[in-house]
Amino acid sequence: FFRVTNRIQELGILDNNNVISYFNHDFKNYTYGLIIPLNEFGSLSLSSNKSESIYSITDNIKTTFSQVILDSDQLDDLSHPKNGYKMTVNYIYNIDNKKDYKYINFNVDYYKSYNFNHTIRFFSNYKKTNDTAPIHLQSYYGGFEWTSGYEEFSLSSTKLLLFGIEYQYHYKNSTTIRILLNKASQIKLNNYDIKTLPINYGFGIKIKSIVGPINFMWGRGYKDPFNSHSKKRNIFYFNFGMKL
C-alpha cells in the first residue's frame, strides 16, 4: 500500500507547569508498506514513513520512521459489539541524528454478553514514548470510550496506563444505555510519575443510525484530574459515526 496524509489539527500537551498548551499541528506524511493478513485473527502492517510536523513557524520537525501495527479483531459486530475482543499494538521506531525516539501504544477491548440485553466491557490502554518524540505522539485524545470525566488532552504524557469497565444495557435493539468507570493508574508528566489517580465515571446512550453509532455521554471528573481532593465537574461528549 501507499498512503499520503495531509492533516491540520489542534493538539494539546501539558507544559512544565502542568497546564495544557494547544498547538496548531500541520502534519504531512508519506507511507509505503505491506499488510499481512493473519487468517481470521486480524492483520500485521509493516511500513516505512517520512513525515513533516509543523507546530509553529520555527518548529519544523522532519523524521523518518518505521512502524509496525498488529491488529487483532475478534468482535462479532464492529459498530455495536456484544462479544469478542479487539487488540491493537502500534510500535514506531525512529533513528535520526537529533530525534531518536521509540513509541508504543497498546489497547484492548473485551466484550462479554449475557441474557442478550446485558454486556460487560473491559478495556485497557498503555502508551509509552520518550521526551524527544514529536508532540503529536505525546498528546493523548481521550473521550467517551476510554476517559470519561477527563478533558480531551488531560492525559497527554510520555507514559500512560489506564483501565476501566463498562456496563451496557441494550434496549429495543436500537438503543444502548452505558455506565462507564475508568482509572488512569499511572501517568508520567514532565519526568515525574503519578501513581495514584482518582476514578472517573460516565453515563451515556448509544443509538443506531444510518450514519453509524450516535453517542452522547455525561462524564463526572475532577477539576484537577490528578487530585481526588479537588472539586468535581461535569463534562459532556457527543459524536457520531466510527473510526475505521
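Please arrange 194, 177 by accessible surface area, largest first, computed with a 1.4 Å probe and ligands excluded. Display every interim value, and only then the final one.
Working: 194 30, 177 80 Å².
Descending accessible area places them as 177, 194.
Start at zero, step by 5 Å, and the Cα-Cα distances of region 74-203 spread as 2, 10, 18, 20, 17, 13, 9, 6, 3, 1, 1, 0 percent across the bins. Put simply, the C-alpha atoms of region 78-123 give a gyration tensor, and the ellipsoid matching it has half-axes of 38, 8, 6 Å, longest first. Whole-Hz Karplus values for region 126-141 come out as 10, 9, 8, 8, 10, 5, 8, 5, x, 4, 5, 8, 8, 5, 9, 8 Hz, taken residue by residue from phi with 6.51 cos²θ - 1.76 cosθ + 1.60 and θ = phi - 60°; glycine and proline positions read x.
What is the Rg over Rh value, at two decimals, for the chain, using alpha-carbon atoms and the Kirkwood definition of Rh? Write out the running numbers ahead of the final one.
On the way: Rg = 18.9 Å, Rh = 19.5 Å.
Using Cα coordinates only, the ratio equals 0.97.
In this structure, the amide hydrogen of residue 189, modeled 1.01 Å from its nitrogen in the peptide plane, lies closer than 5 angstrom to those of 194, counting only residues at least 5 positions away or on a different chain.
Restricting to DSSP H runs of at least four residues, report the calculated mean residue ellipticity at 222 nm for the chain, -39500 (n - 2.57) per run over all residues, nearest 500 deg cm²/dmol.
Numbers: 1 runs with 4 residues, N = 244.
0 deg cm²/dmol, from helical runs alone.
For the pair region 84-153 / region 176-244, the C-alpha centres are spaced 14 Å from each other.
For region 142-244, the fraction of C-alpha pairs farther apart than 23 angstrom is 30 percent. Rolling a 1.4 Å probe across all protein chains gives residue 87 an accessible area of roughly 50 Å².
Relative contact order for the chain: 12 percent, from Cα pairs under 8 Å spaced at least 6 residues apart, divided by residue count.
Kirkwood-based Rg over Rh for region 1-46 (C-alpha set), two decimals? Mind showing how you got there, number by number?
Numbers: Rg = 17.1 Å, Rh = 13.7 Å.
Radius of gyration relative to Kirkwood radius: 1.24.
Along region 168-182 the Karplus relation, 6.51 cos²θ - 1.76 cosθ + 1.60 evaluated at θ = phi - 60°, assigns HN-Hα couplings of 10, 10, 8, 10, 6, 6, 10, 10, 10, 9, 10, 10, 10, 10, 9 Hz to successive residues, with x for each Gly and Pro. Out of every Cα-Cα pair that region 16-100 contains, those further apart than 20 angstrom amount to 56 percent.
Using the Karplus relation 6.51 cos²θ - 1.76 cosθ + 1.60 with θ = phi - 60°, the per-residue 3J(HN,Hα) values for region 184-194 come to 8, 7, 7, 8, 10, 10, 6, 6, 9, 8, 10 Hz, with x marking Gly and Pro. Length, then width, then depth: along the principal axes, the Cα atoms of region 97-162 run 57, 22, 14 Å.
How do 146, 218 rank by accessible surface area computed with a 1.4 Å probe, from largest to smallest? Please list the in-between numbers first.
Working: 146 45, 218 75 Å².
Descending accessible area places them as 218, 146.
Put simply, the convex hull of the Cα atoms in region 185-244 casts, on average, a shadow of 5.7 nm².
The values are calculated or read from the model by the stated rules, or taken from the named source; none is laboratory data. Treat the numbers as computed from the prediction; the structure is a model and nothing was measured. Just the protein is used for accessible areas: all its heavy atoms, side chains included, with ligands, DNA and RNA removed. Shrake-Rupley method; radii C 1.70, N 1.55, O 1.52, S 1.80 Å.
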